[in-house]
Amino acid sequence: MSTQTATPAVAATQTTPLGQRAKSLLVRFNLVVIFALICLVGSQLSDDFLQQRNLFNLLQQSSITGVVAIGMTFVILTSGIDLSVGSVLAFGGMVVAMLISGGTAWPIAVLVALAAGAAFGLIQGGISAYAAVPSFIITLAGLTAARGATYLLTDGTPKSVDDGTFALIGGGFIGQVPIVGIVFIVVSILAAFVLRYTTFGQHVFAVGGNAEAARLSGVPVRPVIVGAFVISGVLAAFGGVLQTSYLSVGQPTAGTGFELTAIAAVVLGGTSLFGGKGSILGTFIAVLMLSALTNIFNLMGVSSYWQQIVTGVVLAGAVFLNRWFDRRHAAA
């Protein structure tokens with residue numbers, strides 16, 4: 001998968017033969033190839049897989065997880081981890097549900113929910129960066145605290161939302177394209193732009209690659225770490241907003257286990273858990289890949305127990321192939 005690193009790569013200037021160039025492209029975009037193979041297998045196992053309706057359904061199913069995984073990518077690129085995203089998703093979803101059901105206009109309710117997600121990110125990122133507490137520890141505490149705050153806020157009961165316009169965000173369509181899928185694509189493009197073309201994005205890679213070297217080079221390491229956590233918190237809360245819109249109800253149990261799915265997607269997409277290397281495109285394709293696997297299993301009527309086993313095996317194989325292609329790319 002195409003990635004960026006803290007150390008700028010030296011561009012090859014020599015002309016390569018066509019075969020060697022094709023081989024280089026295959027290694028560089030290996031995740032796309034793996035995804036295409038999964039789609040090919042899916043089309044052979046079920047005639048419905050490549051139907052337009054099913055593909056849009058796959059995009060819709062991917063979107064909420066994808067938005068959360070995009071935020072997780074920023075944190076992991078700084079060599080951190082955010083285990084609280086599932087709980088922050090539930091908190092954001094309940095905040096927007098309670099405000100709208102209480103009479104608040106939905107745009108304001110959404111902004112308040114996003115601000116709540118930003119606050120979680122700011123606190124966790126601030127403690128991790130300025131108090132030197134490992135992000136694994138502080139976000140594990142955040143996971144518990146955010147879930148507890150959600151239950152305290154709602155008394156553990158779901159909250160219905162009756163707003164037709166708000167429901168369109170998660171469940172509406174433009175033509176046959178789900179709006180939530182368009183939202184996922186737009187968020188991915190914006191995130192990729194930030195990482196590739198802004199100073200903050202370059203600093204994210206620099207901090208993840210070598211924090212001490214980045215600090216000596218004048219990079220504001222701590223604010224960059226805090227910024228990555230704020231982005232993760234905002235997008236986790238946004239995931240909760242999208243889910244509440246899709247279901248027309250806020251669920252205090254929403255997002256359980258989302259942190260593991262998001263981390264799996266980010267790593268599968270080629271982002272290093274040690275930071276400094278990865279891409280939004282990789283995360284985007286990996287999220288689609290995970291949803292495609294689930295979709296194929298559902299079309300085949302495979303039980304959920306076998307789905308988990310086979311998905312784990314396929315994930316391990318995909319990560320192995322991805323790492324093998326990466327080593328070939330580095331050696332080229």
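The values are calculated or read from the model by the stated rules, or taken from the named source; none is laboratory data. Small disclaimer: the values here were computed from a predicted structure and weren't measured. Methodologically, a virtual Cβ is constructed for each residue, glycine included, from the backbone with ideal geometry; neighbour enumeration extends over all protein chains shown. Ligands, DNA and RNA are stripped out before the accessible areas are found, and what is left, the full protein with its side chains, is counted by its heavy atoms. Shrake-Rupley method; radii C 1.70, N 1.55, O 1.52, S 1.80 Å.
Which residues' amide hydrogens lie under 5 Å from the amide hydrogen of Lys277, considering only partners 5 or more residues apart or on another chain, with H built in the peptide plane?
When sequence neighbours closer than 5 places are left aside, the close amide H contacts are Ser272.
Given the convex hull over the Cα atoms of the chain, what projected area results after averaging over all orientations, in nm²?
Convex hull of Cα atoms, orientation-averaged projection: 18.3 nm².
For the stretch 95-134, what does the accessible surface come to per residue with a 1.4 Å probe? Please give it in Å².
Accessible area per residue: 46 Å².
How much accessible area per residue does the stretch 164-323 have, counting only protein heavy atoms and a probe of 1.4 Å, in square angstrom?
Per residue, the stretch 164-323 has an accessible area of 43 Å².
When the helix-only estimate is applied to the chain (DSSP H runs of n ≥ 4, each -39,500 (n - 2.57), divided by the residue count), what is the mean residue ellipticity at 222 nm, nearest 500 deg cm²/dmol?
So the calculated ellipticity at 222 nm is -25000 deg cm²/dmol.
How do Phe91, Phe49 rank by accessible surface area computed with a 1.4 Å probe, from largest to smallest?
Phe91, Phe49
Dividing the Cα radius of gyration by the Kirkwood radius, what Rg/Rh value follows for the stretch 182-297?
Rounded to two decimals, Rg/Rh equals 1.01.
Out of Gln44, Gln61, Gln243, any idea which swings most in a Gaussian network model of the chain, alpha carbons joined below 10 Å?
Per the Cα network of the chain with a 10 Å cutoff, Gln44 tops the list.
Once phi is turned into θ = phi - 60°, what whole-Hz ³J(HN,Hα) does the Karplus curve with 6.51, -1.76 and 1.60 give for every residue of the stretch 52-67, x standing for Gly and Pro?
4, 4, 5, 5, 5, 5, 4, 5, 5, 5, 7, 5, 5, 4, x, 4
Could you report the accessible area of Asp155 in Å², rounded to 10, computed with a 1.4 Å probe on the protein chains as they sit in the structure?
Asp155 has an accessible surface of roughly 130 Å² with all protein chains in place.
What residue among Gln307, Gln20, Gln251 has the largest mean-square fluctuation in a Gaussian network model of the chain, using Cα springs under 10 Å?
Evaluated over the chain, the most mobile residue of the options is Gln20.
So what J values fall out for the stretch 138-155 if you push phi through Karplus, 6.51 cos²θ - 1.76 cosθ + 1.60 with θ = phi - 60°, rounded to Hz, Gly and Pro as x?
Those phi angles translate into 5, 7, 5, 5, x, 4, 5, 5, 5, 5, x, 4, 5, 5, 5, 5, 10, 6 Hz.
Keeping the other protein chains in place, figure out the carbon and sulfur percent of the accessible area of the stretch 135-205, with a 1.4 Å probe.
Carbon and sulfur: 69 percent of the exposed surface of the stretch 135-205.
If amide hydrogens are placed 1.01 Å from N in the peptide plane, which non-local residues have theirs closer than 5 Å to the one on Gly250?
Lys159, Ser160, Val161
If Glu259, Glu212 are ordered by their accessible area, calculated over protein heavy atoms with a 1.4 Å probe, which sequence runs from highest to lowest?
Glu212, Glu259
Could you give each residue of the stretch 116-133 its phi-based ³J(HN,Hα) in whole Hz, using Karplus coefficients 6.51, -1.76, 1.60 with θ = phi - 60°, and x for Gly or Pro?
5, x, 4, 5, 4, x, 5, 5, 5, x, x, 5, 5, 7, 9, 9, 6, 8
What whole-number value in Å² describes the accessible area per residue of the stretch 29-88 for a 1.4 Å probe?
36
Note down the magnitude of the dipole of the chain about its Cα centre, charges +1 on Lys and Arg C-beta and -1 on Asp and Glu C-beta and zero elsewhere, to the nearest 20 debye.
Charge dipole, the chain, about its Cα centre: 940 debye, nearest 20.
Where is the GNM fluctuation largest for the chain (alpha-carbon springs, 10 angstrom cutoff): Thr261, Thr65, Thr104?
In this elastic network of the chain, the residue with the biggest mean-square fluctuation among Thr261, Thr65, Thr104 is Thr104.
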